[in-house]
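One structure is given here, and the rest of the page talks about it.
The values are calculated or read from the model by the stated rules, or taken from the named source; none is laboratory data. Note that the structure is a prediction, hence the values are computed from the model and not measured. So basically every Cβ, Gly included, is an ideal-geometry build from the backbone, and we count neighbours across all protein chains shown. What goes into the accessible areas is simple: the full protein's heavy atoms, side chains included, and nothing from ligands, DNA or RNA. Shrake-Rupley method; radii C 1.70, N 1.55, O 1.52, S 1.80 Å.
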Amino acid sequence: MRLSRYYLPLLKETPADAQIASHRLMLRAGMIRQEGAGIYAWLPLGFRVLKKIEQIVREEQDRAGAVEMLMPTIQSAELWRESGRYDAYGKEMLRITDRADREMLFGPTNEEMITEIFRAGVRSYKDLPKMLYHIQWKFRDEIRPRFGVMRGREFLMKDTYSFDIDESAGRESYNKMFVAYLRTFARMGLKSIPMRAETGPIGGDLSHEFIVLADTGESAVYCDRQLVDMDTPKKDIDFDGDLQPVIDQFTAHYAATDEMHDEADFEKEVDAANRVSARGIEVGHIFFFGDKYSKPMKAVVAGPEGGEIPVQMGSYGVGVSRLLGAIIEAYHDDDGCKWPASVAPFHAGLVNLRAGDDACDEACARIYDELTGQGVEVLYDDTGARPGEKFARMDLIGLPYQIVIGPRGLENGEAEIKRRADGEKSTCAVDAAAAQIAASVKKELSYD
Ligand code: 5CA
């Protein structure tokens with residue numbers, strides 16, 4: 001992609017109302033634009049990251065055996081009356097009436113709709129288990145939207161729903177999502193810690209929040225340091241096998257959010273040296289709530305001995321748009337973002353220090369073609385801006401690698417390479433630059 005054709009509206013000034021780094025950087029780097037309280041347009045650069053995150057979430061859901069679909073954003077009030085949540089949900093629900101005065105709403109979550117879809121299509125225990133998911137915009141009229149995409153009113157969520165014949169099968173589905181979540185966040189460079197959590201308006205009595213530790217996180221959290229150091233399950237993990245040992249390993253140590261925290265238990269269960277009390281960002285939340293929706297909404301299947309059995313359900317959410325904020329909080333410095341390759345908007349930036357100079361243009365064109373031919377995504381700064389501006393811009397948007405081509409280097413046949421993560425600079429032969437970057441990017445993109 002040529003920067004001269006791209007749309008990258010950078011902000012020179014630090015936006016006054018943005019209190020945390022990720023919010024500031026997303027605005028400054030031209031990734032999002034605020035269109036209302038807690039409502040954002042996704043500009044081209046931010047949209048690319050959103051899609052990368054979405055794709056990792058999708059791949060790990062598919063690996064765990066969930067099946068993708070898409071439900072609408074607008075739902076009918078009737079459906080929510082069946083579960084009893086229409087009145088209970090309160091002011092967070094955005095309520096709408098259509099031209100025929102029918103009561104509608106912009107979905108804050110989809111338990112009711114998926115239950116309705118399930119009951120229309122599944123009749124027998126033989127059709128179970130089922131896990132269905134979608135990645136769709138949600139709206140919650142949050143009382144205090146803040147920190148940019150971290151707590152928006154409109155936000156992108158991945159929500160999965162599981163249907164099982166009994167509680168123990170339901171717990172197996174829960175375990176699958178538990179492991180899928182650890183892997184999903186790890187692929188984005190995030191260490192997530194599952195913590196026992198309150199169930200709130202979703203309901204049920206079994207629930208974990210997946211927390212990424214960050215000083216700017218909204219939640220106060222407490223856990224055993226051993227959890228922070230624990231290894232993520234590998235790609236070859238068998239989702240049809242017994243996942244209980246992995247779950248036991250991750251739930252054997254103390255970990256609780258503020259609402260569930262008990263200081264006396266914490267001190268009893270965890271050595272003083274291992275006690276972590278910190279702040280964290282909730283990037284995912286999983287729930288098992290049995291027949292809370294299936295019973296009132298009559299989502300039943302014929303059991304092995306006949307009769308009608310309400311299915312056992314769980315729901316599992318990932319804050320897809322919130323993850324952009326969480327990743328930037330973990331990977332940035334004063335100059336800008338430092339994207340891990342797996343979610344970077346482009347893998348490399350190619351900086352032409354003298355656009356219009358034949359030798360520079362020609363060298364850049366060759367490198368660009370070679371990189372894109374190797375599957376490396378390149379943002380090519382072919383503009384007439386001054387070098388200082390080009391360098392600052394590349395640092396701000398934070399692509400993992402920068403390749404700098406200028407007339408002086410070219411005289412010696414050299415290109416300069418900068419790795420954004422640690423700022424390390426090196427020179428290499430112009431002809432070798434693309435191959436070197438392609439190899440580094442490939443290495444960083446491969447995971448377990
Ligand atoms: N139905 C369940 C699971 S599918 C559910 O809605 N769970 S939730 O309320 O915990 O939301 C799931 C995830 O969405 C959260 O873990 C969080 O990462 C994200 N999320 C929730 N509210 C917001 C918000 N206002 N802005 C951005 N992300 C949010």
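In table form, for the structure just shown:
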item: Any hit, the stretch 18-32, residues being modelled with pLDDT under 95 and in the same structural domain as residue 156 (by TED's automatic domain parsing); result: yes
item: Residues satisfying the stated conditions in the stretch 179-205, i.e. farther than 30 Å from residue 400 by Cβ and either within 13 Å of the ligand (Cβ to nearest atom) or in a loop (DSSP other than H, G, I, E, B) (or both); result: 195, 197, 198, 199, 200, 201, 202, 203, 204, 205
item: Members of the stretch 36-72 that are basic (Lys, Arg) and in contact (Cβ under 8 Å) with a residue 24 or more places away in the chain; result: 48, 52, 58, 63
item: Checking residue 165 against (1) open to solvent by 10 Å² or more (accessible area, probe 1.4 Å); (2) within 19 Å of residue 289 (Cα to Cα); (3) within 13 Å of the ligand (Cβ to nearest atom), the condition it does not meet; result: (3)
item: The stretch 66-87, residues that are open to solvent by less than 40 Å² (accessible area, probe 1.4 Å) and of a type in the set (Lys, Arg); result: 85
item: Count - residues of the stretch 300-322 that are within 16 Å of the ligand (Cβ to nearest atom), farther than 27 Å from residue 47 by Cβ and either touching a helix residue (DSSP H, G or I) at 6+ places or on another chain (Cβ under 6 Å) or polar (S, T, N, Q) (or both); result: 2
item: Among the candidates 293, 331, 316, residue that is assigned by TED's automatic domain parsing to the domain that holds residue 120 and under 30 Å from residue 416 (Cβ atoms); result: 331
item: Looking only at the stretch 371-428, and only at residues there that are in contact with a Cys (Cβ under 9 Å, 6 or more places away or on another chain) and part of a helix (DSSP H, G or I), the one that is nearest to residue 340 (Cα to Cα); result: 397
item: Residue pairs meeting the criteria (Cβ under 8 Å; at least 6 apart or on separate chains; first assigned by TED's automatic domain parsing to the domain that holds residue 157 and in a loop (DSSP other than H, G, I, E, B), in the stretch 93-117; second of a type in the set (D, E, K, R) and surrounded by 14 or more Cβ atoms within 10 Å (Cβ to Cβ)); result: 93/140; 93/141; 107/138; 108/138; 108/140; 109/138; 109/159; 110/159
item: Extreme residue, least open to solvent (accessible area, probe 1.4 Å), among residues of the stretch 268-299 that are farther than 19 Å from residue 206 by Cβ, in contact (Cβ under 8 Å) with a residue 60 or more places away in the chain and out of contact with any helix residue (DSSP H, G or I) (no Cβ under 7 Å at 6 or more places or on another chain); result: 280
item: Extreme residue, farthest from the ligand (Cβ to nearest atom), among residues of the stretch 133-156 that are among the aliphatic types (A, V, I, L, M) and touching a helix residue (DSSP H, G or I) at 6+ places or on another chain (Cβ under 6 Å); result: 135
item: Any chance residue 46 is in a helix (DSSP H, G or I), outside the structural domain of residue 366 (by TED's automatic domain parsing), open to solvent by less than 50 Å² (accessible area, probe 1.4 Å) and among the small types (Gly, Ala, Ser); result: yes
item: Meets criteria (free of Cβ contacts under 8 Å to residues at least 24 places away in the same chain and either surrounded by fewer than 22 Cβ atoms within 10 Å (Cβ to Cβ) or in contact with a helix residue (DSSP H, G or I) (Cβ under 8 Å, 6 or more places away or on another chain) (or both)) for residue 204; result: no
item: Matching entry among 151, 123, 63 (being open to solvent by 70 Å² or more (accessible area, probe 1.4 Å) and under 19 Å from the mean Cα position of the chain (by Cα)); result: 63
item: Among residues of the stretch 276-299, those that are within 11 Å of the ligand (Cβ to nearest atom) and more than 31 Å from the chain's Cα centre (by Cα), counted; result: 0
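Quick grid of which residues meet (1) among the β-branched types (Val, Ile, Thr); (2) in contact with a helix residue (DSSP H, G or I) (Cβ under 7 Å, 6 or more places away or on another chain):
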| site | (1), (2) |
| --- | --- |
| 177 | no, yes |
| 182 | no, no |
| 197 | no, yes |
| 210 | no, yes |
| 222 | no, yes |
| 228 | yes, no |
| 234 | no, no |
| 255 | no, yes |
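Here's the yes/no breakdown for (1) at pLDDT below 95; (2) surrounded by fewer than 24 Cβ atoms within 10 Å (Cβ to Cβ); (3) among the aliphatic types (A, V, I, L, M); (4) over 16 Å from residue 4 (Cα atoms):
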{"residue": "316", "(1), (2), (3), (4)": "no, no, no, yes"}
{"residue": "323", "(1), (2), (3), (4)": "no, no, yes, yes"}
{"residue": "339", "(1), (2), (3), (4)": "no, no, no, yes"}
{"residue": "349", "(1), (2), (3), (4)": "no, no, no, no"}
{"residue": "370", "(1), (2), (3), (4)": "no, yes, no, yes"}
{"residue": "382", "(1), (2), (3), (4)": "no, yes, no, no"}
{"residue": "388", "(1), (2), (3), (4)": "no, yes, no, yes"}
{"residue": "402", "(1), (2), (3), (4)": "no, yes, no, yes"}
